[in-house]
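Scroll down for the structure; my scribbles are underneath it.
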Amino acid sequence: PLRHSVSTIINSTVMDKKNVTIIILLLLGCILSGILIYISIDMKTKMNSVVSLRTTSRHRLNEYKVLGERLSDSIYIFDDNNKMIQIDSIFIKNRILIYYFSTTHCNMCYETQLELINEVYGSSNSNVMVIAKSENYKNLKIIMNNHNIEYPLYMIKSSLVPMLDSLRVPYYCLIDSNRIISTYIPQTEYTNHSIQYLKATKKILDNNN
């Protein structure tokens, strides 16, 4: 009986050690997995920051390149009656802010900016004009109505500012007598920058028109 008890105790001790070893290994595995996940998330965040920075830099460069350019005399836009209008005929006198987007852009990209314009300029303002690339004016009107916006709306089938259009994202242009005096290409993740730009342009337009 004594030998049996000693054997049982030894076997139990060995099993306990094995269990402890297994538990320790499991804990180490969990910790290692957590570290790897953290590193992966951290690297992904850093990569996203780098991509975002590169995108921002490219956008600022393209904004600078088009400053001072005149909108082409050959550009035509269409009103709600599908009347074709030469674009330079509506930019004769006052400065105006154009918001351009295409229905092929991501919905969030252009709709977020519509919400921000509404927030800064209000639902109706003659200092703002929306020019959107589409084949259907009614669809554009629905988008505007969904955001309770009543700015002048025109449809375009060609490029407005080719260099900016090639980026395939929405953008703003501040126009003075058909000449671009300011541009801004927004990024959805930086809505505060868009608000700052809109407030700055509103101040300029309120003082000059």
Legend entry - Apportionment of accessible area to carbon and sulfur, the range 98-209, percent (1.4 Å): 46
Legend entry - Å² per residue, accessible surface of the range 97-209 at 1.4 Å: 45
Inset, instruction - Quick one: grab the alpha carbon gyration tensor of the range 63-176, order the square roots of its eigenvalues as a ≥ b ≥ c, and give me rounded if a/c is under 1.5, else prolate or oblate depending on whether a/b is larger than b/c. - result: rounded
Inset, instruction - Would you please give the residues with an amide H less than 5 Å from that of S134, counting only those at least 5 places away or on a separate chain, with H modeled from the backbone geometry? - result: I156
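Based on the alpha-carbon gyration tensor of the range 116-209 and its eigenvalue square roots a ≥ b ≥ c, which shape applies: rounded if a/c is under 1.5, prolate if not and a/b is larger than b/c, or oblate?
It is rounded, given that a/c, with a ≥ b ≥ c, falls under 1.5.
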Inset, instruction - Please list 142-151, 116-125 highest first by mean number of surrounding beta-carbon atoms within 10 Å per residue. - result: 116-125, 142-151
Legend entry - Qualifying trypsin sites (Lys or Arg not before Pro) in the range 71-173, DSSP loop, other Cβ atoms within 10 Å at most 10: K83, K93
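The values are calculated or read from the model by the stated rules, or taken from the named source; none is laboratory data. Not measured: the values here are computed from a predicted model. Please note: Cβ atoms are built from the backbone with ideal geometry, for glycine as well, and neighbour counts cover all protein chains shown. Calculation scope for accessible area: heavy atoms of the full protein, side chains included, ligands and nucleic acids excluded. Shrake-Rupley method; radii C 1.70, N 1.55, O 1.52, S 1.80 Å.
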